[in-house]
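Report on the following structure.
Laboratory data are not the source of any read-out in this text; all were calculated from the coordinates shown. Given the structure is predicted, the values throughout are model-derived calculations rather than measurements. Neighbour counts run over all protein chains shown; Cβ positions are idealised from the backbone, glycine included.
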Amino acid sequence: MLLVTFAATMLAACASPRVNPTKACFHRNAEIEIDIGYCEALRSGNTLHISGSVGSGDMPTAMHKAYDTIKQTLAANGLEFRHIVKENVFATDLDAFIRNKDIRKEYYGTDFPAATWVQVQRLYLPAFVVEVEVTAEFPR
């Protein structure tokens, strides 16, 4: 009987969900992020995936807001813009983003990541005009 109990316990342990110790969620505003269902940033191994940082208003103001938020999230995780390897931009007016592309250089300098820029009909809230998501790598 003891052997049966032990075997049942071991099988139950195998079926239990396991927490991935190399995956960690970073919240800037946990209440809102948990309600929506995402992490501001997620570290998986040596990679930090930062969810889309948004901005509203005119495109220059919106871009500064989005990139400032990314800068804060990077800093909270011990990183800088030079650690970003991939950027995806979603803009409701891609021409306005392109006209203001030099704003990015204020953050990246001359160390640019791979990048994709896409025009979309709308973002999570109608007031948002740009959303920037990035992937950064931790130094080895």
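The figures follow:
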read-out: Top of V130, V89, V118 by mean-square fluctuation, Gaussian network on the chain, Cα under 10 Å; value: V118
read-out: Computed P(r) (all Cα pairs; the chain; 10 Å bins; percent); value: 11, 36, 27, 11, 7, 5, 2, 0
read-out: Sites matching trypsin sites (Lys or Arg not before Pro) across the range 45-104 that sit in DSSP coil, with at most 16 neighbouring C-beta atoms within 10 Å; value: K101
read-out: Residue among Y38, Y124, Y67 with the largest mean-square fluctuation in a Gaussian network model of the chain, springs linking Cα atoms under 10 Å; value: Y124
read-out: Calculated from backbone phi, Karplus (6.51, -1.76, 1.60) coupling profile of the range 25-42 in Hz, x at Gly/Pro; value: 8, 10, 10, 8, 9, 4, 4, 5, 5, 5, 4, 6, x, 7, 10, 4, 9, 9
read-out: Dipole of the chain, positive direction: furthest Cα of G55, V89, T135, with charges on the beta-carbon; value: T135
read-out: Among D58, D35, D68: highest mean-square fluctuation, GNM of the chain, C-alpha pairs under 10 Å; value: D35
read-out: Local electrostatic count, T69, Cβ distance below 15 Å [Lys/Arg +1, Asp/Glu -1]; value: -4
read-out: L125-E33 pseudo-label distance in nm [points 7 Å out on the Cα-to-Cβ vector]; value: 1.7 nm
read-out: Computed helical MRE - 222 nm, the chain, DSSP H runs ≥ 4 contributing -39500 (n - 2.57), nearest 500; value: -11000 deg cm²/dmol
